[in-house]
Amino acid sequence: MIDAIIIGLGNPGKEYAGTRHNVGEEAVALLAKRHGVALKAGRDKALVAETTIADKRVVLAFPTTYMNESGQAVGALMRRHRIVDPAKLIIVHDELDLPVGGLKVKAGGGLAGNNGLRSITQHLHTQDYLRVRIGIGKPSSKERGVDHVLSRVPKAERKILDVMVERAADAVEAVLRDGPLAAMTAFNGLA
């Protein structure tokens, strides 16, 4: 019996590795490493691993679809593991509306223009899943949005994002160990 599914959003392929859009994937890869498991190709358009975190059986996953089709993998994983409660789904993703160095744990809410969240919501017919949002900051203009999320990150910003990926993994562990409200209290006030 699986207690939770943790999904890190991003785009597959070497050309997207290290981009702002893939910080969610990086956090889930870090969780896999911390807990001694490897993400492997699964049947549900995702790299997956099962492990135990905070005495809970969890599935860690990274959709192998592009970001805007993430819901295909998420929906399939939810069905496979018979998870119907959206509160048992934690999505780790990049967030334009938070500054670089910002992180928030959130239950439900809007999509903030994130096409990965939009796809997940369309497949699950709910927005009531948990999110760990990693701030990547806004570009100088809306027209630069795609370039901003898909471009290589300058070194100084990369150092900050590496810390935030660590903190996002910590936040997921806190959600599993202490519950969402305690995790929000612990992480949402940090700068």
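Just so you know, all these numbers are worked out from the coordinates, no wet-lab data involved. Model, not experiment: these values are computed from the prediction. We place every Cβ from the backbone using ideal geometry, glycine too, and count neighbours over all the protein chains shown.
Where in region 114-138 does the amide nitrogen come within less than 17 Å of the point 7 Å from the Cα of residue 79, taken along Cα to Cβ?
119-126
Based on the Cβ-Cβ distance from residue 38 to residue 144, what FRET efficiency comes out when R0 is 35 Å, to the nearest 0.05? Walk me through the numbers before you get to the answer.
Details: r = 36 Å, r/R0 = 1.03.
Efficiency at R0 = 35 Å is approximately 0.45.
Return the lysines within reach of residue 56: Cα separation strictly under 26 angstrom, same-chain partners fewer than 8 residues apart disregarded; answer none if there are no such residues.
Partners found: 33, 40, 45, 88, 104, 106.
Once you have the Cα-Cα distance between residue 87 and residue 152, take 0.36 nm times their residue separation minus that, and quote the gain in nm to one decimal. Mind showing how you got there, number by number?
On the way: separation 65, 0.36 × 65 = 23.40 nm, distance 3.29 nm.
20.1 nm is the gain from fully extending residue 87 to residue 152.
Using Cβ counts within 10 Å as a stand-in for footprinting exposure, how do 125, 93 rank, fewest first? Could the numbers behind the result be given before it?
Numbers: 125 8, 93 27.
The most exposed by this proxy come first: 125, 93.
Taking the beta-carbon count within 10 Å as an exposure proxy, list 126, 51 from fewest neighbours to most.
Working: 126 13, 51 16.
Lowest count first: 126, 51.
In percent, how large is the relative contact order of the chain, given Cα pairs closer than 8 Å and 6 or more residues apart?
Numbers: 411 pairs, mean separation 49.2, N = 191.
26 percent.
Please arrange 62, 187 by how many other C-beta atoms lie within 10 Å of their C-beta, fewest to most.
Values: 62 26, 187 18.
Listing 62, 187 from fewest to most nearby Cβ atoms yields 187, 62.
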